[in-house]
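Here it is, the structure in full.
Rule-based calculations on the coordinates, nothing more; no lab input. The structure presented is a predicted model; accordingly, all values stated were derived computationally and were not measured. All Cβ positions, even for glycine, are placed from backbone atoms using ideal geometry, and neighbour counts span all protein chains on display.
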Amino acid sequence: MIKKWILIFLVSFLFGCSVTSQSQSTDSIINTADRQIWIPADENELEQRRIHQARFDQIEKDIESLFLRLDVLGSDEINMRGGIKKITPGIASMDKTVSGMIKKEESRVNNLGQQLDNVRRDNKIFDSEIERLNQTIKPDPVFSSRDYVGAFVSFRKGQYAKSANLFRKALQSNPPYELTDNLLFGLGMSQYRLGNISKVSKPLSRLISEYPDSEKWYMSHLVLALTHYKKREKSQALYVLQKGLKKKPPYFIRSMFMNLNKLIHK
């Protein structure tokens, strides 16, 4: 009889512990400090977001419009500039050759025998070096005005992958100095339109560094600021805008700087 009462007591005790543990476990899960309340945006807030995005889209369109309004140099002018580029080194080389001939003549008068020996030795060294270079050096690619114009046409048609390839190809083919800033900006804008945000900075940073007097210097700052903003780098975007404003941009571009600055601050 005593064993029976002891058994009943143990069963009751274990049941009570189980209920208490479950109660404590359930209560411990509910922690008001960990609760989060999500409040969906109302119609007014959604409308403000749409207006905000529309302003960003308009700035992007204005930048493209400025870019596409730029005059593209004709093929005749490009060829003429290429001819001048080839003639200038030739004149410099001719002047260097004449100066060398005069010096050799003076040395010949002073010590003809020694000079002739030196010339023979130098000729052998030069011939050997020229032969080695001819075997290893490949000709530089030649700039094509067709690729240059085709890159702009592709960009205007919205074929950004094709325009990026053409801009990159033109940059690698020794383009005239006067066209390189166009090519760099076109490559940066094509990558921006493709959504390749990480590839936008390199060509535009080079443009800003090497072409401080280019009309695309200011536009590069605007695109870089938009790039930083899309990467959630708000402070970097504002820094780029302030840097561009310090150079006192023209009025119509300054207004774009100010509008973008306001939008990023919101």
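Whether any residue in region 248-256 is in contact with a Leu (Cβ under 8 Å, 6 or more places away or on another chain), over 18 Å from residue 65 (Cβ atoms) and in a helix (DSSP H, G or I) is what I want to check.
Within region 248-256, none of the residues are in contact with a Leu (Cβ under 8 Å, 6 or more places away or on another chain), over 18 Å from residue 65 (Cβ atoms) and in a helix (DSSP H, G or I).
Determine, yes or no, whether residue 224 is under 20 Å from residue 184 (Cβ atoms) and either out of contact with any helix residue (DSSP H, G or I) (no Cβ under 9 Å at 6 or more places or on another chain) or free of Cβ contacts under 8 Å to residues at least 40 places away in the same chain (or both).
yes
Restricting attention to region 230-256, which residues are among the hydroxyl-bearing types (Ser, Thr, Tyr) and within 15 Å of residue 201 (Cβ to Cβ)?
Hit for region 230-256 is 239, nothing else.
Only one residue in 205, 145, 209, 173 is among the polar types (S, T, N, Q) and either in contact (Cβ under 8 Å) with a residue 60 or more places away in the chain or surrounded by 18 or more Cβ atoms within 10 Å (Cβ to Cβ) (or both), so which one is that?
Just a single option satisfies the conditions, and that option is 145.
Of the conditions (1) in a helix (DSSP H, G or I); (2) over 11 Å from the mean Cα position of the chain (by Cα); (3) of a type in the set (Lys, Arg), residue 232 satisfies every one except a single condition; which number is it?
The failed condition is (1).
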